[in-house]
Amino acid sequence: MPSSRPTPGPRSGDDRTTELIRWAAFSCVLVPVVLLWYGASLAGTAGTAVGLAAVTAACRLLLRRSERCAARLPEEEHPSRAPHRGGRRYTGTGSRRGGRHSGGSTPVG
């Protein structure tokens, strides 16, 4: 029997980032509640909540910045999709330098 739920399509990075930030904010609320439930001090719980909120805010800032930078890069200059430029080009079997050489039976010395 086919499912009546719509299948989720591919989402943009912004949607995934927003969902990630929502889960982080949920954790910022849930963790202090659990700490209070298990008997942690109010001051310790408040410090934990502030620390989690600061880490979440910093991560959100960095995620948004990276999305903006990635959106600015043109498709052909994106590092993961760009063809390899420069480097070494080998033209044959004897063109590499260094390492062991097979062949030649002249003694060393």
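The values are calculated or read from the model by the stated rules, or taken from the named source; none is laboratory data. The structure presented is a predicted model; accordingly, all values stated were derived computationally and were not measured. Note: ideal-geometry Cβ built from the backbone for every residue, glycine included; neighbour counts use all protein chains shown.
A quick yes/no check of all residues on (1) modelled with pLDDT of 90 or more; (2) surrounded by 10 or more Cβ atoms within 10 Å (Cβ to Cβ); (3) more than 27 Å from the chain's Cα centre (by Cα):
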{"residue": "Gly9", "(1), (2), (3)": "no, no, no"}
{"residue": "Asp15", "(1), (2), (3)": "no, yes, no"}
{"residue": "Ser41", "(1), (2), (3)": "yes, yes, yes"}
{"residue": "Gly51", "(1), (2), (3)": "yes, yes, no"}
{"residue": "Leu62", "(1), (2), (3)": "yes, yes, no"}
{"residue": "Arg68", "(1), (2), (3)": "no, no, no"}
Point to revise | Pairs where the first residue, in segment 25-43, is at negative phi and the second is aliphatic (A, V, I, L, M) and assigned to a helix (DSSP H, G or I), C-beta under 7 Å, 6+ apart | key: Ser27/Leu52; Cys28/Ala49; Cys28/Leu52; Cys28/Ala53; Val31/Leu52; Pro32/Ala49
